[in-house]
Amino acid sequence: TAYGFREVGLGEKQGLVNEVFHKVAGRYDLMNDIMSVGLHRVWKDSMVAWLNPPKRPGWRVLDVAGGTGDVSFRIIEASQRNAHATILDINGSMLGVGQDRAAKRGLSEYTEFVEANAEELPFEDETFDAYTIAFGIRNVPRIDVALSEAYRVLKPGGRILVLEFSEVEMPVLDKVYEAWSFNAIPRIGDLVAGDGEPYRYLVESIRKFPDQKNFAAMIEKAGFERVTWRNYSGGIAALHSGWKL
Ligand code: SAM
């Protein structure tokens with residue numbers, strides 16, 4: 001049976017996620033563009049604009065589930081090559097692609113790649129000025145644990161930004177989106193990446209993720225304050241923001 005259409009245990013879930021991203025690492029960026037019809041670029045640009053990293057050295061961001069570095073590279077450029085990004089991912093294949101991309105763009109000196117689990121961050125308390133995670137948190141088996149870890153490693157005054165697929169809040173668009181994600185995306189996965197299964201799993205994980213309001217409550221529960229969110233493209237994605245005060 002298809003991955004996502006049966007209930008999976010926590011350990012098993014991480015295993016499936018790892019398998020998915022190991023398979024797609026080489027074509028991940030291309031697939032992202034096709035499946036989101038390029039929208040992920042606009043959403044990530046907007047995320048980084050909202051973060052507005054300072055243009056001074058010494059500011060550190062931890063980009064969890066950072067994959068191939070897409071968000072981190074934007075942050076570094078937005079800071080006019082001042083910010084330092086730690087790109088953490090559980091998957092070495094994704095990080096490998098990211099490392100090559102950083103080198104090609106001349107960004108290696110501003111980056112560090114760490115293979116680790118979002119639920120168990122290998123950093124001391126109060127290390128980072130910001131914590132970002134884009135399209136990663138819904139893959140983490142215990143989201144509450146990941147959010148507590150985020151809170152722990154942030155400095156007081158630090159900020160969390162979470163970009164994730166969310167609940168479409170526009171009539172008609174929600175139907176179009178359902179058709180696109182359940183039918184088209186796995187088929188494109190088949191054609192371009194040679195396997196539709198991983199994408200079926202990913203689409204299913206989007207459907208299971210809490211809506212905007214419920215996710216905001218989870219962020220608050222981890223200790224964050226002034227939690228707000230913005231919808232993108234009618235709620236296809238949402239960006240949540242919170243502060244460790
Ligand atoms: N942030 C990147 C972007 O927006 O292009 C990559 C997003 S990709 C959809 C999700 C990433 O989450 C994958 O690289 C995967 O390996 C990573 N991931 C899944 N579970 C994780 C975990 N428990 N801890 C850290 N990273 C994880």
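Since every read-out is calculated from the coordinates, none of them should be taken as a lab result. Note that the coordinates shown come from a computational prediction; the quantities given were computed from them, not determined experimentally. Glycine also receives a Cβ, built like all others from the backbone with ideal geometry; neighbour counts cover every protein chain displayed.
Just in the stretch 39-95: which trypsin sites (Lys or Arg not before Pro) are loop by DSSP and have at most 15 other Cβ atoms within 10 Å?
On the way: sites: 41, 44, 55, 60, 74, 81; in loops: 55, 81.
Loop-located and lightly packed - 55, 81.
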- Task: Identify, among 68, 189, 79, the residue whose Cα sits farthest towards the positive end of the charge dipole of the stretch 3-243, taking +1 on the Cβ of Lys and Arg and -1 on the Cβ of Asp and Glu, with the dipole about the Cα centre.
- Result: 79
- Query: Using 0.36 nm per residue, how much length does the chain from residue 245 to residue 190 gain when fully extended, once their Cα-Cα distance is taken away?
  - Reply: 15.2 nm
- Relative contact order, percent, of the stretch 68-212 when contacts are C-alpha pairs under 8 Å separated by at least 6 residues? 17
- Item | Candidate lysines for bridging to residue 23, where Cα separation is under 19 Å - those fewer than 8 sequence places away on the same chain excluded | 13
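Fewest to most neighbouring Cβ within 10 Å: what's the order for 114, 37, 162, 227?
Values: 114 16, 37 9, 162 29, 227 19.
Ascending number of Cβ neighbours within 10 Å: 37, 114, 227, 162.
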- Item | Most to least packed among 85-96, 210-221 [average Cβ atoms within 10 Å] | 85-96, 210-221
- Message: Under a Cβ-only charge scheme (Lys and Arg +1, Asp and Glu -1), can you give me the dipole magnitude of the chain about the Cα centre, in debye to the nearest 20?
- Response: 600
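How large is the convex hull of the Cα atoms of the stretch 59-201 per residue, expressed in Å³ as a whole number? Spell out each step's value before the answer.
Numbers: hull volume 19.4 nm³, N = 143.
Residue-normalised Cα hull volume stands at 135 Å³.
Would you please put 163-172, 195-204 in order of how densely packed they are, using the mean number of other Cβ atoms within 10 angstrom per residue and starting with the highest? Walk me through the numbers on the way to the answer.
Values: 163-172: 17.7, 195-204: 20.5.
So the peptides 163-172, 195-204, ranked by packing, come out 195-204, 163-172.
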- Note on the structure: For the stretch 22-77 (alpha-carbon point model, no solvent) the Debye-based log₁₀ I(q)/I(0) at q = 0.13 Å⁻¹ works out to -0.38
- Query: So, in nm, how far is label residue 116 from label residue 173 when the simple model puts each one 7 Å beyond its Cα toward the Cβ?
  - Reply: 3.7
- Query: Once the mean 1/r over all distinct Cα pairs of the stretch 3-243 is inverted, what Kirkwood radius in angstroms do you read off?
  - Reply: 18.0
